[in-house]
Amino acid sequence: EPDKKKPLTVADYTDISGHYAEKAATELKRYGIGFSAAELQPGKAITEKEFGNLIAGKGNVSWFRDKNYYVFKWHGAVVIDDPDCTDYQSAERSGIFGKGKKADDGSITRIEAAQYIIRALGIEEYAKLPGTFVSKFSDVSEEYAGVAAILSGMKVISGNEAGLFNPAGVLSRADALVIVYNYLSR
């Protein structure tokens, strides 16, 4: 019996024209990464599970090192608001959310998202080396200086016009797509 479930696809968003995340959302859509709803709601908080779906890859993204660069190959779509998309579970198993932590439907902060990416890259131990990193963001504590410095140096994250990172700020869907686009583009 063929599967009668209609495959989900990433929508053509109707609410991002001229938005700072338009390029990132459009490029990620080309690879099947994004939301299925026509309205992205770019200012809406992204949930921990949705962000986990974005960065986990579930075998959709194969990472390998080519010289000094991380390269990815795409194998299929990740529609992150699909309730059947459980890519975040592989992120849980790999400890991306923290050792033994389960992802939930709550929002995440900007510094949590940065930590998750550092863990996904497998470089958390380096980011924690005391006295090694200086963050260019004056509002990032010494505890997270390595996380901010590494991702800023990789051009994965950036601050606002005032040079602040706003680590306790809730991560929006737009910011999440920009961060993941930058992460995959490096």
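The values are calculated or read from the model by the stated rules, or taken from the named source; none is laboratory data. Please read all numbers here as calculations on a predicted model, not as lab measurements. Methodologically, a virtual Cβ is constructed for each residue, glycine included, from the backbone with ideal geometry; neighbour enumeration extends over all protein chains shown. In case anyone asks, the SASA skips ligands and DNA or RNA and just uses the protein heavy atoms, side chains included. Shrake-Rupley method; radii C 1.70, N 1.55, O 1.52, S 1.80 Å.
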Turns out the helices (runs of 4 or more DSSP H) fully within segment 97-176 with at least 3 residues that are under 21 Å from THR86 (Cα atoms) and out of contact with any strand residue (DSSP E or B) (no Cβ under 8 Å at 6 or more places or on another chain) are 110-121
Subset of segment 118-131, residues open to solvent by less than 80 Å² (accessible area, probe 1.4 Å) and touching a residue at least 12 places away in the same chain (Cβ under 8 Å), comes to ILE118, ARG119, ALA120, LEU121, ILE123, ALA127
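Let's see how each residue does on (1) out of contact with any Leu (no Cβ under 7 Å at 6 or more places or on another chain); (2) in contact (Cβ under 8 Å) with a residue 60 or more places away in the chain; (3) open to solvent by less than 80 Å² (accessible area, probe 1.4 Å):
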site: SER138; (1), (2), (3): no, no, no
site: ALA145; (1), (2), (3): yes, no, yes
site: ALA149; (1), (2), (3): yes, no, yes
site: LYS155; (1), (2), (3): yes, no, no
site: PHE165; (1), (2), (3): yes, no, yes
site: GLY169; (1), (2), (3): yes, yes, yes
site: TYR181; (1), (2), (3): no, yes, yes
The number of residues in segment 25-54 that are touching a Ser or Thr at 6+ places or on another chain (Cβ under 9 Å), among the hydrophobic types (A, V, I, L, M, F, W, C) and open to solvent by less than 30 Å² (accessible area, probe 1.4 Å) is 2
Condition set part of a loop (DSSP other than H, G, I, E, B) and of a type in the set (D, E, K, R), scope segment 29-54, selection nearest to ALA120 (Cα to Cα): answer is LYS44
